[in-house]
1. At a 10 angstrom cut-off on C-beta neighbours, averaged per residue, how do the peptides 205-212, 62-69, 80-87 rank from highest to lowest?
2. Name the long-range amide H neighbours of Y71: under 5 Å, sequence gap of 5 or more, or other chain; modelled H, no Pro or chain starts.
Amino acid sequence: MAFLLGAVFALLLLCLLFIIRLYVVVKAGSSYKPGTRGPVSVLVVAGSGGHTTEILRLMESLSAAYTPRHYVIADTDRMSEDKICTFESSKHSDSQFSISRVPRSREVHQAWSSSALSTLDALRASLPLVFRLRPDVLLCNGPGTCVPLCVTGLLLGILGVKKVSIVFVESVCRVESLSLSGTLLYPLADLFFVQWSSLRDKYPKSIFLGRLV
């Protein structure tokens, strides 16, 4: 019994330390300025269809300082890779970009009971990828694939490896409520942008700059 109580106490202590460290990492993001000492490595999460179109429009506004650019798409996405290659060839001449694939967290109309397993599979693939790339900024706009990647980015900060700034831009189609990804990442993102004032009023941490795409 004493051993069991000790194990439970140790587990609770570890959980408490983890929560404290997570709080410190999230709060430190407001004072962290990527690129103050050189180029900004950016990991861009592209979803299928409209998500990819929106994120590439956002990428058009980034300066040449954002390099290298690492794009991540779902392994079942058959269109985004061509869009990204076309965008890069037309906007940049340095060719400092890469495209990686991870399992999709949740397919459209996928049952919630199986989504947990597919999300864990996506997290398994995201861990070595983000630890290898170690981006300065992780930019996403709502596809479910971004959640495991953002969790891994937070883990880098919690472990003291590197602070990864998470920038979430809610899709323009979200007018009255956040997406599921946005709801999950709202308390964790360093910068959280919405494109409608109605969302800014509901979520005071969010930043409203009008239509971004």
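1. 80-87, 62-69, 205-212
2. For Y71, whose amide H was placed from the backbone, the distant partners under 5 Å are V44, S98, I99, S100.
Every read-out reported here was derived from the displayed coordinates using simple, explicitly stated rules and does not represent laboratory data. Because the structure is predicted, anything quoted here is derived from the model rather than measured. Using ideal geometry, Cβ is built from the backbone for each residue, glycine included, and neighbour counts are taken over all protein chains shown.
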